[in-house]
């Protein structure tokens, strides 16, 4: 299955809000804190750009609406009609990513900053097998590994439509084929196994101090990047 991926930064977001739908603008007005407002705007703009490029839309961005389902899962509406597309969103440290796939797919993505994570954090949120994997890692790789495992869990919980309402230890993330991927900047495969028996295949990639993960069912091919530079021009067309 093809999954497309777009990443943007705060500087990509238009300074005004006329690209928001009426309901999106009303929601934004209710957000009190500047960081929360900035993250939310960045996520919505990234999702609108990704969906518009994926569906080859030529319409004002305000007509592409991203709504939160009761579960919190983002859903796409075009002129108030549900679009036949599945998306997943994540933002961190002034960046946002949106993964896009066909309607009906289970899909989750996550973006995380590589940073120190304590042994207590690992004990609280990781399975025994994951903790053993981290314990065997070289000291200079431990932070990246724990960040990667955490991000994979977040992606899987989003694909389940649950998010962090579930215990993160109900998902076990494993890396597959890493020894066959000499290019450190390449997408590498991973797998997330849930206690329910459901298994998600996926991919991960690190560039700089950020780790990105994406999982899906059916099993996804290597993520396909959407070109950032063409999307704002496309969205401006009525």
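Just so it is clear, none of the values below were taken in a lab; they were calculated from the coordinates. Since this is a predicted model, take the numbers as computed values, not measurements. Positions of Cβ are backbone-derived with ideal geometry, glycine not excepted, and every protein chain shown enters the neighbour counts.
How high is the relative contact order of the range 109-217, in percent, counting Cα pairs under 8 Å that sit 6 or more residues apart?
Numbers: 188 pairs, mean separation 33.6, N = 109.
Across the range 109-217, relative contact order equals 31 percent.
Add -39500 (n - 2.57) for each DSSP H run of 4 or more in the chain, then divide by its residues: what number comes out at 222 nm, to the nearest 500 deg cm²/dmol?
On the way: 6 runs with 68 residues, N = 238.
-8500 deg cm²/dmol, from helical runs alone.
Fewest-first ordering of 52, 21 by other beta carbons within 10 Å of each residue's beta carbon gives 21, 52. The modelled label-to-label distance between residue 174 and residue 28, using points 7 Å beyond Cα along the C-beta direction, is 4.5 nm.
Quick one: order 27, 33, 121, 200 by neighbouring beta-carbon count within 10 Å, fewest to most.
Numbers: 27 15, 33 8, 121 12, 200 27.
Result, fewest neighbours first: 33, 121, 27, 200.
Determine the gain in length on full extension of the stretch residue 221-residue 37; use 0.36 nm per residue of separation and subtract their C-alpha separation, reporting nm with one decimal.
Working: separation 184, 0.36 × 184 = 66.24 nm, distance 3.36 nm.
Residue separation times 0.36 nm, minus the Cα-Cα distance, leaves 62.9 nm.
Please give the helix 142-159 orientation as an angle from the longest Cα principal axis of the chain, in degrees from 0 to 90, rounded to the nearest 10. On a 0 to 90 degree scale, this one is about 50. The spacing between the range 205-227 and the range 77-117, judged by their C-alpha centroids, is 11 Å. How far is helix 34-54 tilted off the main Cα axis of the chain, in degrees rounded to 10, range 0 to 90? In the chain, helix 34-54 runs at an angle near 80 degrees to the longest axis. Per-residue extension of 0.36 nm, minus the Cα-Cα distance of residue 209 and residue 81, leaves a gain of 42.2 nm for this segment.
Relative contact order, whole percent, for the chain stands at 24, derived from Cα pairs under 8 Å and 6 or more residues apart.
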